[in-house]
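First up is the structure itself, then whatever we jot down about it.
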Amino acid sequence: MPLLPHQDKAGWTAFLPAAERARAARRAERLRRRYGLDALQRRSTVAVFANNLALLERLEELGRGVALPGGAAEPLRALDVGSGDFHYATALQRFLSRHGGGPARAVDLLGCEVDGHGIYRDGHSRADHARAHAALASEPCGSVSFTVADAAELRLPPQDVVTLLFPFLTLYPLLRWGLPLSRWRPRRLLRRAVRALRPGGWLVVSNQTSAEFERLRALLEGQPVELVRQVPFATDLVPQAERTADRVGSLWRRMELQPDPASG
Ligand SMILES: C[S@@+](CC[C@H](N)C(=O)[O-])C[C@H]1O[C@@H](n2cnc3c(N)ncnc32)[C@H](O)[C@@H]1O
């Protein structure tokens, strides 16, 4: 496993206008305490740290007032579809384990990425990096793991939560990323994501633009999910170049399937 590169976090808000830095630092400090981010702070670049903070803040907003599925007695089972290098594994794990207050809940989180074999400058693969981020995110109760696979082909027990952060719903980003056209099956991927959920489970999706969110809504039409909430997913905690002002996060709930009256 690669040693995750580290950068000092002093002055990490330097990209912000001077008047906004103190407030950003206060937000980061609240998140660090609330979600136990010390290990991440010690073992991350500024970009990875800031991305985790931003994701936690947005997930908090998305899940506000909505209870996570499943009972506290069982570990919560979660699947992240299309994890890239899973650099946000800590944010996802901490959000799921601490959402709603109370003692931290055990979480079994699996990140899944079809394109895991690209080689980074340090000679390690994307999958190696993803496993290192998963290991960093792990807590004594529960597990965080990563697999290289097509998420549509995974066979897993029913999940409490399935997340898709910035999935390829339109063709251009997929081709820009370098995936072959044969990998572009968004309707199928979403259908499988919904099917992986147990009734009451959460489907969490983030989209780059509101137009892409409308595409998501169309693709989910006819699927047994209902929209619980959508919130802006834009953030000012990462530098300008990485922000998209129009990002949308959405939370969907898997509905109970009604028994078919014809089947008696
Ligand atoms: C835009 S990237 C988002 C990466 C990551 N979620 C993030 O927010 O940084 C979309 C990712 O989904 C992956 N992907 C696309 N189809 C997939 C599939 N069927 N199974 C698993 N991963 C897939 C792509 O390879 C790519 O890494």
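Laboratory data are not the source of any read-out in this text; all were calculated from the coordinates shown. Just so we're clear, the structure is a prediction, and the values are computed from it rather than from any experiment. For neighbour counting, all protein chains shown are included, and Cβ atoms are generated from backbone atoms with ideal geometry for every residue, glycine included.
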Checklist entry - Counting Lys and Arg as +1 and Asp and Glu as -1, what is the net charge of the other residues whose Cβ lies under 14 Å from the Cβ of Ala234? => result -3
Checklist entry - Taking the alpha-carbon centroid of each part, what is the distance from region 218-244 to region 191-207 in angstrom? => result 14 Å
Checklist outcome for this item: To the nearest 20 debye, region 18-258 has a Cα-centred charge dipole, built from +1 on Lys and Arg Cβ and -1 on Asp and Glu Cβ, of 260 debye
Checklist outcome for this item: P(r) of the chain over all Cα-Cα pairs, 5 Å bins starting at 0, rounded to whole percent, reads 1, 6, 12, 17, 20, 18, 13, 8, 3, 1, 1, 0, 0, 0
Checklist entry - Rounded to the nearest 500 deg cm²/dmol, what is the calculated helix-only ellipticity per residue at 222 nm for the chain, with -39500 (n - 2.57) per DSSP H run of length n ≥ 4? => result -10500 deg cm²/dmol
Next on the checklist: Springs between alpha-carbon pairs under 10 angstrom, Gaussian network model over the chain: which of Leu189, Leu16, Leu251 fluctuates most?
Outcome noted: Leu16
Next on the checklist: Running a GNM on the chain with Cα contacts under 10 Å, which residue among Glu113, Glu57, Glu29 ends up with the highest mean-square fluctuation?
Outcome noted: Glu29
Checklist outcome for this item: In degrees rounded to 10, the 0-90 angle between helix 186-195 Cα long axis and the longest Cα principal axis of the chain is 80 degrees
Item to check | Filtered GluC sites (Glu not before Pro), region 165-264: DSSP coil and at most 12 other beta carbons within 10 Å | outcome: Glu221, Glu256
Checklist entry - When the chain is treated as a GNM, springs tying every alpha-carbon pair under 10 Å, which of Ala28, Ala89, Ala130 comes out with the largest mean-square fluctuation? => result Ala28
Checklist entry - So, in nm, how far is label Arg185 from label Ala10 when the simple model puts each one 7 Å beyond its Cα toward the Cβ? => result 5.3 nm
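What fraction of the DSSP beta bridges in region 112-229 is antiparallel, stated in percent and rounded to the nearest 5?
Numbers: 1 of 9 bridges.
Among the beta bridges of region 112-229, antiparallel pairing accounts for roughly 10 percent.
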Checklist outcome for this item: Between Ala241 and Ala135, the two model label points (7 Å from Cα along the beta-carbon direction) sit apart by a distance in nm of 3.0 nm
Checklist entry - So for the chain: antiparallel DSSP bridges make up what percent, rounded to the nearest 5? => result 40 percent
Item to check | For region 156-170 and region 43-73, distance of Cα centres in Å | outcome: 15 Å
